[in-house]
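The values are calculated or read from the model by the stated rules, or taken from the named source; none is laboratory data. Quick caveat: nothing in here was measured; it's all calculated off a predicted structure. So basically every Cβ, Gly included, is an ideal-geometry build from the backbone, and we count neighbours across all protein chains shown.
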Amino acid sequence: MSMLLEVSGVSVTFDGFRAINNLSINFAEAELRAIIGPNGAGKTTFMDIVTGKTRPDEGTVIWGEKNISLLGLSESQIAMEGIGRKFQKPTVFEDQTVRQNLAMALKNPRGPFAVLMHSKTTANAARIESIAEEIGLTQSLTRRAGELSHGQKQWLEIGMLLAQEPRLLLVDEPAAGMTVEEREKTTDILRKAAETRAVVVVEHDMEFVRRLDCKVTVLHEGSVLAEGSLDHVTSNQTVVDVYLGRGHA
Amino acid sequence: MRKSFIAENPSVLWFLAALSLFTLTVVLLSEATGTAMISTSFVKTLGKTLCLCLIAIAMDVVWGYCGILSLGHFAFFGIGGYAIGMWLMYARTETIVLESLQNQVIPPTPQEVSDAIGNQIFGVVGSSEFPLIWAFADSLFLQLLMVVLIPGLLALVFGWLAFRSRVTGVYLSILTQAMTLALSLYLFQNDSGLRGNNGLSGLQNIPGFEETSQATISIVFFLASSVALGAGYVFFAWIVTGKMGSVIKGIRDNEARVRFLGYHVESYKLFVFTVTAVISGIAGALYYPQAGIINPGEIAPIASIYLAVWVAIGGRGRLYGAVIGAAFVSLLSSWFTGGGAPDIDLGVYRIQWTDWWLVLLGVSFVAVTLFFPKGIGGLFDYLVRKPS
Amino acid sequence: MALFRGSRPKTPRKLDAMRRFLLAIALCLGALTQAQADDLQQILQVHADEVASPSRRSVGVLLDDLVASGLPQVPRFLEEWAGRTVWQGPDGRFFFGQEDGDQITLTDLDSGETRIEGRGGFTQLRPNGGVRRLIGTALVQYQLEDPDISRRESAVAAIARRPAADQLAPLVASIEGEPDDTLRARKTQLATFLSARFADTPQERIAAIDSLAQDTTVEARSVLNQILQTEAGVAASEPDGNIARLLNPMEAPDEYYAQLVEAGFAPAQTGPAVIRAALEAHIRDGTAGGVPLAQLGTDAARERAYAALSKEGLVPPLVTVETRDYALNAYVFYELYDEPNAEITAAAEAALASAEQRVAFAQAADLALDGLSLASIYFLAAIGLAITFGVMGVINMAHGEFIMMGAYTGYVVQLFVPDYTLSIIIALPLAFAVTFGAGVTMERLVIRHLYHRPLETLLATFGISIALQQLAKNIFGTQARPLTSPGWLDGAWVISDVIQISYIRIAIFVLALIFLALILFVLKRTRLGLEVRAVTQNPGMAASMGINPDRINMLTFGLGSGIAGIAGVAIGLYAKVTSEMGADYIVQSFMTVVVGGVGNVWGTLAGASLIGFLQKGIEWLNPSNTLAAQTYMILFIILFIQFRPKGIVALKGRAAAD
């Protein structure tokens, strides 16, 4: 099977602390994947490496059909390659309207002069409308993002990722701080998104992961401990010992 | 060009209307074209203030919109002034020298003319040779090109170096301050080729218009400054209103997010830094012929910090705020330091504003930062009740 | 030492010793002999004619006899003789005489008895200049061996001032008997200088010159330079003599041509000014040299007109560039050593090169010391800033004004406490207290409200900075105020002619070391330091562990400001105290912090060292221009930041990310 992203043999060390240890993990073209693991398992660092924020000490990160190495690329180039990232804390541009936030994320030329000469088109407007509908913010398009509720900000950020039309979506703890209904909606958005692209969700919350109903990878001390369905991994004794046994009673 | 940008930014029309009204009033009250209720020197002060407003807008775009607290934009302003000053000084000295050589029995050779001009200009620093940087000083067109090119190139190189190594925040501020300091120290040297601490002088005399009165020249420059400010306002409003504005405000608020959206943040910063540097250079080129003299002291780092003060007092992130801040503070400053403000007699101590103005400015600046982070422009917003 | 012995063939060692022995006896017996003997008078009477009208050629015998006599009266006689105060009576006897109108006071040469007589019949002895010089040389020998050390010193100094060939022998003779070690060393050194220039044989001179290679004093180098003096000249062909170097006239053709003209080998240069003057002098009917005046606006036309004039013989011929160069190539330009012996000049060149190399090393050492003291100043000025910036992320633009405040505190203390040592001892803690207070006040009133808004802190503290600066101006005026250092800090520690360092700078260096130790101690060994580090690394966690970040921030800010106050006193001691002094240091302090790396004492130390040494190094490369040095230094720093954006000592890992 041809993989969208192949991470192999990656290690990274911070001041003697091995955050990622010989990690190898692959993602297919269109799949929904949850990554779980206790604190310090290297989930966020893994995302940092894929998105170009952190350079690994060793290992390879290969992307797409052309087998491009992501390690030499800058954050913006990686984003342009089709990898979108949602941070743990919702980071939207609070000073700008929802529409402006989405417009900025829309897949369009990213150079300064192209942006300067950019003019609004009906196609773009339609795209924004449809994404807003997808994330349930149609009513709020003209509101400032700063006025949105916590959950709405999370959706807006996911919406911005969708607007980028990425082939791989890295989502860090999307459900944190959400009400039950909000979680359900978030699950729907992510599952729908995963129909046409790879979506990787890093999550603490087991209920949320169960609801996603997808393949699960367990990280521990910087490498893959187990992989498979949630039931499969939760029946793994080692996983229970290191994670579930302590973290999730 | 987007049709909607003015509609999205109604302040542009308001501003242009106010500026036109102001300009018209000054023209009607000036010595040259009106009732002479405003003295020529005050017309010059107002013209200079308009130039300061223009650089304040540039500063607002780079700082208030893009989040780069540059402490170097006054250096670009000064470079613009020097570039035009070189032509003004050269051309005027040439006229004078040719006039004085005319009475000689034998007509002068080009070399003799050049030596005499060089002697006039560089005599104060003990030289008569033209340094290389004066190579284009005899051409108004080329020097005008320099007004734009030198600040632009300097900003491009400096910005490229600074942004590519991801120097941000206060580090970047200090780095820009260091750049300004280096430039002013360089210009203070006698062998800088720009007359050391003497600077360039006599810039108020426009070559070719020796017969024209200063009253007329002042109003011409006032009008030019007004047009430049209006054009600059529209230009910057156009930049900050659309998607470009979204991106640079995004960079200000969350650089990493913009980067992960796929924008090459460094290019945008470089674009904003360079464009505002060019506009600053143009503002300087209009300012110094009205001031009459430019010297390296003008470029000292403190000037750039004052620029930040104006923008902060006026209100960052809104163009008219920068204009209000620059006009308000610089006019107030010349009122206080010019002895316009009456002294306050406390019995034991007499507060003379020439001595105490800076203390007042410093303290009020702290107060604005603490209590009115949105500045005077914020107050304006509040009164108009316009959601931003 | 063999060198010096060999250099005085006229006074063999044995005789020398004997003479000194006799001299000693004479000294012992001085009181006895003086009364009755006419010893000196007798010797003089033997040579009476020579004494009365000495000639330079023949006076040597007399002087030798006088010196050989070993009489204690001889030096005084020689001094007075040379000073033209010796008189001859009608009976042929000699006296010291003091003219007074028609009277003359006579002093007997041997007994010292005085009497007054009429002038008539007495003649004054007037030895000419050449003779007096010989007398002087004979005298130096006495002075060099005078029991009074101050006279010996002044004799040595006199030789050093005006070295001459004939002083060499007496100087060498006096070395062995010199009781004072310092003076003996000085005499030996001086003897080497003299031998290098005046010894009899080239071998002796070369040996002395070679030994000068070790000597880095200015004096030794000037001796070598004197040996290497040259005279420039021009001739049709290479001259005889010790040629130092041949010169290439094409390096500065106009200057060399001027030499040719001066030597009479070529006609005067006809530069543009000459041509112009010649044309103006020969204007006829609106033309000059046949060319209408209006057309003379180019160099070519003027030269044409001038050529026409010279054809008529009205002006000298035109010297074009070609004729000038032709003339220059036809002659040899050279520099000729004054010293004819090529071996000696070669040895001197070699010795000078080696001495200059040593001097260069010494200069490098001196430069390093300068750099060190500048680094100490930057460290003191920046460390307070580094603490507030590193711990709190606060850029304090008013830091420079705290430095100024400290300096003015010192000044005010000196107004009340006149004793400089005591006043400095009071001023240091007081300056700390004042600026600590100011820092804490500022933190409570302003900075506390602006945490997490670093750019706004920068601006607010800038507002405080301009207000404080103007306030200082209003209180203390614009002129510089003195902050006088105690007397024991005056002067400099002189290590050699080249290497020296003022005590103030040493004191500042020591102060910087003390502060480095103190700050390290506070941060690493005290409870406060522990809490500060905790707050730096993770404020939230620190707060949850019962550390009050508010209090820590306040204390940290106070500490940083207090150190600025002490730095102010230190800087005020060697620079002037003005309201703008803080502003002079603030940019450098920022750069020190940024270059060093934030939040680390060692980083600040590294940054200060880098900037201090760099600035001195650039000044050394371009000594004429400190402004240029500063410009280049800032450019270097801007480039440096490119490669190490986080400074020399960078924090690593996730903590450093934002």
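Just one residue in the set A:33, A:85 is of a type in the set (Lys, Arg), more than 14 Å from every other protein chain (Cβ to nearest Cβ) and within 18 Å of the chain's Cα centre (by Cα); that residue is A:33.
Of the residues making up segment C:557-590, those that are within 14 Å of chain B (Cβ to nearest Cβ) and out of contact with any Leu (no Cβ under 9 Å at 6 or more places or on another chain) are C:580, C:583, C:584, C:585, C:588. Among the residues of segment C:278-302, just one is surrounded by fewer than 17 Cβ atoms within 10 Å (Cβ to Cβ), more than 10 Å from chain B (Cβ to nearest Cβ) and under 55 Å from the mean Cα position of the chain (by Cα), namely C:281.
Of A:52, A:84, all but one fail to be under 23 Å from residue B:269 (Cα atoms), in a loop (DSSP other than H, G, I, E, B) and among the small types (Gly, Ala, Ser); the exception is A:52. Given the options C:483, C:459, name the one that is at pLDDT below 90 and in a loop (DSSP other than H, G, I, E, B). After ruling out the rest, the residue left standing is C:483. Screening segment C:505-589 for helices (runs of 4 or more DSSP H) wholly inside it with 1 or more residues that are within 48 Å of the chain's Cα centre (by Cα) returns the ranges C:527-537, C:549-574. The set of residues in segment A:93-119 that are part of a loop (DSSP other than H, G, I, E, B) and more than 8 Å from chain B (Cβ to nearest Cβ) comprises A:106, A:107, A:108, A:109, A:117. Being within 30 Å of residue B:89 (Cα to Cα) and within 14 Å of chain A (Cβ to nearest Cβ): is that true of residue B:273 here? In short, yes. Take segment B:154-190 and flag every residue that is aliphatic (A, V, I, L, M), within 7 Å of chain C (Cβ to nearest Cβ) and more than 15 Å from residue B:255 (Cβ to Cβ). Answer for segment B:154-190, where residues must be aliphatic (A, V, I, L, M), within 7 Å of chain C (Cβ to nearest Cβ) and more than 15 Å from residue B:255 (Cβ to Cβ): B:161, B:174, B:175, B:178, B:179, B:181, B:182, B:185.
All conditions but one from (1) in contact with a Phe, Trp or Tyr (Cβ under 8 Å, 6 or more places away or on another chain); (2) away from chain C (no Cβ under 14 Å); (3) modelled with pLDDT of 90 or more apply to residue B:229; the one that does not is (1). Checking each residue in segment A:120-146 for being exposed (fewer than 14 other Cβ atoms within 10 Å of the Cβ), assigned to a helix (DSSP H, G or I) and in contact (Cβ under 8 Å) with a residue 40 or more places away in the chain picks out only A:146. Please count how many residues of segment B:147-174 are among the β-branched types (Val, Ile, Thr) and farther than 18 Å from residue C:597 by Cα. Matching residues across segment B:147-174 total 4. Within segment C:605-651, the set of residues being of a type in the set (D, E, K, R) and part of a helix (DSSP H, G or I) comprises C:616, C:619. Exactly one residue out of C:3, C:23, C:78 is modelled with pLDDT under 80, surrounded by 17 or more Cβ atoms within 10 Å (Cβ to Cβ), among the aliphatic types (A, V, I, L, M) and within 42 Å of the chain's Cα centre (by Cα), and it is C:3.
Of the residues making up segment C:157-189, those that are assigned to a loop (DSSP other than H, G, I, E, B) and more than 29 Å from the chain's Cα centre (by Cα) are C:177, C:178, C:179. Set side by side, the residues B:158, B:188, B:163 differ, and just one is under 27 Å from residue B:125 (Cα atoms), in contact (Cβ under 8 Å) with a residue 40 or more places away in the chain and surrounded by fewer than 24 Cβ atoms within 10 Å (Cβ to Cβ), which is B:188. For segment A:147-166, a tally of residues being out of contact with any Ser or Thr (no Cβ under 9 Å at 6 or more places or on another chain) and assigned to a loop (DSSP other than H, G, I, E, B) returns 4.
Among residues of segment B:370-383 that are on the phi < 0 side of the Ramachandran plot, those with a beta-carbon under 7 Å from a residue that is of a type in the set (Val, Ile, Thr) at least six positions away or on a different chain give the pairs B:370/C:446; B:376/B:313; B:376/B:324; B:377/B:324. Take the residues in segment B:258-298 that are under 27 Å from residue A:166 (Cα atoms) and among the charged types (D, E, K, R), then tell me which one is modelled with the lowest pLDDT. Once the filter is applied, the top-ranked residue is B:259. As an exercise: evaluate residue A:90 against (1) of a type outside the set (Val, Ile, Thr); (2) buried (at least 17 other Cβ atoms within 10 Å of the Cβ); (3) more than 12 Å from chain B (Cβ to nearest Cβ) and give the number of the one condition it does not meet. (3) is the only condition that residue A:90 fails. Is there a residue in segment C:140-156 that is assigned to a helix (DSSP H, G or I), touching a helix residue (DSSP H, G or I) at 6+ places or on another chain (Cβ under 7 Å), acidic (Asp, Glu) and in contact (Cβ under 8 Å) with a residue 24 or more places away in the chain? Checked segment C:140-156: at least one residue is assigned to a helix (DSSP H, G or I), touching a helix residue (DSSP H, G or I) at 6+ places or on another chain (Cβ under 7 Å), acidic (Asp, Glu) and in contact (Cβ under 8 Å) with a residue 24 or more places away in the chain.
Checking A:24, A:11 one by one, the residue that is in contact (Cβ under 8 Å) with a residue 40 or more places away in the chain, away from every other protein chain (no Cβ under 12 Å) and buried (at least 16 other Cβ atoms within 10 Å of the Cβ) is A:11 and no other. Restricted to helices (runs of 4 or more DSSP H) entirely inside segment C:213-323, those with at least 1 residues that are closer than 30 Å to residue C:365 by Cα are C:218-227. Within segment B:113-149, the set of residues being over 30 Å from residue B:273 (Cα atoms) and buried (at least 18 other Cβ atoms within 10 Å of the Cβ) comprises B:116, B:117, B:118, B:120, B:121, B:122, B:130.
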